[in-house]
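I have a structure I would like to understand better, so I am pasting it below and will then ask my questions one at a time.
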Amino acid sequence: MADQRVTNKSGKAIEESVVTDLKFSLHGDLIRPWDMDYDKSRRVWNGMIDKHPSLIAYCEDESDVVKAVNFSRTYDILAAVRSGGHNVAGNSVCDGGIVIDLSRLKHVEVNESNMTVDAGAGLNLGELDRATHAYGLATPLGIVTGTGIAGLTLGGGIGWLIRKYGLTCDNLLSVDIVTADGKLMKADKSENADLFWGLRGGGGNFGIVTKFTYRLYPVNNVFAGSVYYRSESAKQIFRSYRDHVMKVPEDLTTMIAFLSATPQYMPLSNHNTKLVAIHGCWSGEPQYGEEALKPIRELGPKAVDTYKVMPFTELQSMLDSGAPAGLLNYWKSAYLGDLNDDVIEIVMDYTGRTPSTLTQLHIQHMHG
């Protein structure tokens, strides 16, 4: 249970009148440990994270973000920033201190003539996808619709358009950001260019982005889906997949995965059955996608094949059922120079003895 008092980083209590002033200055809500919504409000996507902040500030606009930042700095209070709340490590919530929550900043403005979109930091990628899809446009985002665009963008952003159009951060044109000294600034390639560079891969803690402007591309329907193979031929499937994807056009982005046959993949199967899945997206002209993906879909006896022409928004939600909120998640990742035979042997070893049917291994092909 969180301490009923608000304390600074040294443990000194903050006067209640100061907290009350913050509460009434915000356009949004300030949640305390005794409030009815507190337990729900402190939760994030990863069920393993169980932290108890002293304050949760739901910001309705940029001015609320400025007030929360100034409050944290002035009184030396630990602060965490939460937009989509999808951060696996749980950095978007803290014990004690204040959570500055941007989830209500959900404005979207599509500029069809300039092929750009302005997006509030509280959006998740599904919400942004739906807004741009109405115009037959898209920007590269992630692969699960509940992911917040803010953490995704500032962390790089790997998704189904990566090989053709790059990372999410590659397509970021400008930001509105509140810096640690409480200033609201704009950053792009010409204004505050060093800050803009840092936000696109230089690390973290440069400030709190409240608005993102992205470049858009003509992406409407795609040829996409998944093919599932039983694991008996896994080693050969991995090798054949590796050999094939090294020569495919940049219109094709794929991911090979090792997983168990849980209900979202094979409803009537034995859930201890191990599967090799190849997920993919052909973002070129859809009529050419079936031919381009044919070799990947014929690597062995198939259990399930879902490839078809579909709206890009359908593809984006395709893997949602495998990433529900509340599971106890632990992730590790690394970069591989290539998927050589030694790597495949290690993959076969470890995936053959995974402790849970929810454990998965993903290898994303990012060459391009």
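Mind checking the alpha-carbon convex hull of the chain and giving the volume per residue in Å³?
For the chain, the hull spanned by Cα atoms encloses 153 Å³ per residue.
Quick check: residue separation of ASP170 and ASN220 times 0.36 nm, minus the Cα distance between them. What number comes out in nm?
16.0 nm
Okay, next question. Leaving out ligands and nucleic acids, note down the accessible area per residue over the chain with a 1.4 angstrom probe, in whole Å².
47 Å²
Between LYS235 and LEU361, what length comes free when the chain is fully extended (0.36 nm per residue of separation minus the Cα-Cα distance, one decimal in nm)?
43.9 nm
Once fully extended, how much extra length lies between SER113 and ASP50, figured as 0.36 nm per residue of separation less the alpha-carbon to alpha-carbon distance?
Contour length minus Cα-Cα distance gives 18.2 nm.
Tally Lys/Arg at +1 and Asp/Glu at -1 over every other residue whose Cβ is under 12 Å from the Cβ of ARG200; what's the total?
Overall, the nearby charge balance is -2.
Which far-off residues, 5 or more places away or on another chain, put their amide H under 5 Å from the one on LEU275, with H placed in the peptide plane?
LEU259, SER260, ALA261
Please compute the contact order of the chain in relative form: average sequence separation of alpha-carbon pairs under 8 Å and at least six residues apart, divided by the residue count, as a percent.
After rounding, I find 16 percent.
Moving on to the next point. Determine the distance separating the Cα centre of region 289-368 from the Cα centre of region 105-121; give it in Å without decimals.
31 Å
Just how far, in whole angstrom, is region 87-103 from region 180-220 if you go by their alpha carbon centroids?
Taking the Cα centre of region 87-103 as reference, the centre of region 180-220 is 20 Å away.
Continuing with this model, one more query. Describe numerically, in nm with one decimal, the distance between label points set 7 Å from Cα along Cα→Cβ at GLU60 and at THR306.
4.0 nm
Go through LYS23/LYS183; LYS40/LYS67; LYS12/LYS106; LYS23/LYS189; LYS51/LYS106 and tell me which ones have a Cα-Cα distance over 27 Å in this structure.
In this structure, LYS12/LYS106; LYS23/LYS189 lie more than 27 Å apart at Cα.
Then there is this: Give the lysines whose C-alpha is closer than 27 Å to that of LYS294, dropping any in the same chain fewer than 8 places away, or say none.
LYS294 reaches LYS164, LYS235, LYS247, LYS274, LYS302, LYS308.
Over all alpha-carbon pairs in region 1-134, figure out the percentage whose distance exceeds 27 Å.
It works out to 24 percent of all Cα pairs.
When Lys and Arg each count +1 and Asp and Glu each count -1, what net charge do the other residues less than 10 Å away from PHE223, Cβ to Cβ, add up to?
For residues surrounding PHE223, the net value is -3.
Could you work out the relative contact order of region 60-172? I mean the mean sequence separation of Cα pairs under 8 Å and 6+ apart, divided by the number of residues, in percent.
Reported relative contact order: 20 percent.
If you roll a 1.4 Å probe over the chain with all protein chains in place, what percent of the accessible area is carbon or sulfur?
Carbon and sulfur: 51 percent of the exposed surface of the chain.
By the scheme Lys and Arg +1, Asp and Glu -1, what is the net charge of all other residues having a beta-carbon under 13 Å from that of LYS164?
-2
Can you compute the helix-only [θ] at 222 nm over the chain? Use -39500 (n - 2.57) per DSSP H run of at least 4 residues, normalise by all residues, nearest 500 deg cm²/dmol.
-6500 deg cm²/dmol
Now for a different question. Which shape class, rounded, prolate or oblate, goes with region 287-339 when its Cα gyration tensor gives a ≥ b ≥ c as root eigenvalues, a/c under 1.5 marks rounded, and past that a/b bigger than b/c marks prolate?
oblate
The values are calculated or read from the model by the stated rules, or taken from the named source; none is laboratory data. Quick caveat, the model's predicted, so the values are computed rather than measured. Neighbour counts are summed over all protein chains in view; Cβ atoms, including those assigned to glycine, are modelled from backbone coordinates with ideal geometry. Surface accessibility is based on the protein's heavy atoms, side chains included, excluding ligands, DNA and RNA. Shrake-Rupley method; radii C 1.70, N 1.55, O 1.52, S 1.80 Å.
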